[in-house]
1. In angstroms, what radius of gyration and Dmax does segment 53-151 have, counting Cα atoms only?
2. Can you pull out the chymotrypsin sites (Phe, Trp or Tyr not before Pro) in segment 1-105 whose DSSP state is coil and whose Cβ has at most 11 other Cβ atoms within 10 Å?
3. Quick one: work out the % antiparallel among DSSP beta bridges in the chain, nearest 5.
4. Rounded to the nearest 500, what is the 222 nm mean residue ellipticity of the chain from helices alone, with -39500 (n - 2.57) per DSSP H run of 4+ residues and division by all residues?
5. In debye, nearest 20, what is the charge dipole magnitude of the chain about its Cα centre with +1 on Lys and Arg Cβ and -1 on Asp and Glu Cβ, if you could check?
6. Starting from the amide H of residue 269, placed 1.01 Å from N in the peptide plane, find each other amide H under 5 Å away whose residue is 5 or more places distant or on another chain.
7. Which value in nm describes the separation of the simple spin-label points at residue 67 and residue 267, placed 7 Å from the Cα toward the beta carbon?
8. Longest segment of the chain with no trypsin sites (Lys or Arg not before Pro) in a DSSP loop having at most 11 other Cβ atoms within 10 Å?
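The values are calculated or read from the model by the stated rules, or taken from the named source; none is laboratory data. Source: prediction; values computed, not measured. Neighbour counts run over all protein chains shown; Cβ positions are idealised from the backbone, glycine included. The area values use the complete protein model at the heavy-atom level, side chains included, leaving out ligands, DNA and RNA. Shrake-Rupley method; radii C 1.70, N 1.55, O 1.52, S 1.80 Å.
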Amino acid sequence: MSRKILVIVSEHGYWAEELIGPVSKFDERGYEVIFATPTGKRAHALPPSLDANYIDPPLGRSVTTEENARLGREFEQSSRLDSPLDIEAWVPERPYTSDEGYLPKLEQYHRDLDRLDADIAGYDAILVVGGSGPIVDLANNERVHALILAFHKAGKVVAAECYGVACLAFARDWSDRGSIIRGKHVTGHCKEYDYKDGTGFLGTDFNMGPPPYPLEYILRDATGPRGAYHGNFGKPVSVIVDFPFVTGRSTPDSYLTGQKIVEVLEDGLTRYGW
């Protein structure tokens, strides 16, 4: 059966393996992959993710093989990311309460949101690709949250990697502000993997110390007492499936994340990794 996957990529830099890993699994199965970015601009890989000689500071070693560096460069040079969907043009944004005509604008906003249900009907899953870029333009992007919520409401697979998992934590029911991953099991970039200095992004000269928030702490809080965050620090890979969610911790988990999405879609996998 043909499948269709919406893959959301940051315009401020994705980690190459975290895109090519799952996408290669989708390609193997003949899935249709549609890319989307926050404003429709072409996404680009973070330079360290294309360099097998780059030493990851927390681990003190390279996290990119020569093969994945080559595959990342080939993907970057291809045309696959040239014409992504424009999320800003596609998904409405909630008006400010101070806007003139707030009530009719809010009602129109909800009418426009309802149209997303039809827009995503042909998709089987959504994936948010990781890297440091999502910190800038995906994590607190209400339009991205709206897409995630629409997929979740429709019972479709919702997947994310690394810092992209923050989007799941912040996608919330507007009435009670509870995260959609409350009560669920997830993984994501653990505290031990955070840089102490030099977290960088594309498209800006802003190069900061550690990330602006420890994702692990956010995920622990968002999942609540009946769910759990699994960092699995010290283990080679960490991928968690708690249907409808599939989450990958970081770079080495990328291919397995894609494989588990395939298994959820084709084999009915509902639980894995804990």
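1. Rg and Dmax of segment 53-151, Cα atoms, are 19.0, 57 Å.
2. On the way: sites: 14, 15, 26, 31, 35, 54, 75, 90, 96, 102; in loops: 15, 31, 54, 96.
Sites meeting the loop and neighbour criteria: 96.
3. Working: 10 of 32 bridges.
Here the share of antiparallel DSSP bridges comes out near 30 percent.
4. Numbers: 9 runs with 91 residues, N = 274.
Calculated from helices alone, the mean residue ellipticity at 222 nm is -10000 deg cm²/dmol.
5. 700 debye
6. The list, which skips near neighbours in sequence, is 264.
7. It is 2.0 nm.
8. Working: sites that count: 177, 196, 226.
Free of exposed loop sites, the longest segment is 1-176.
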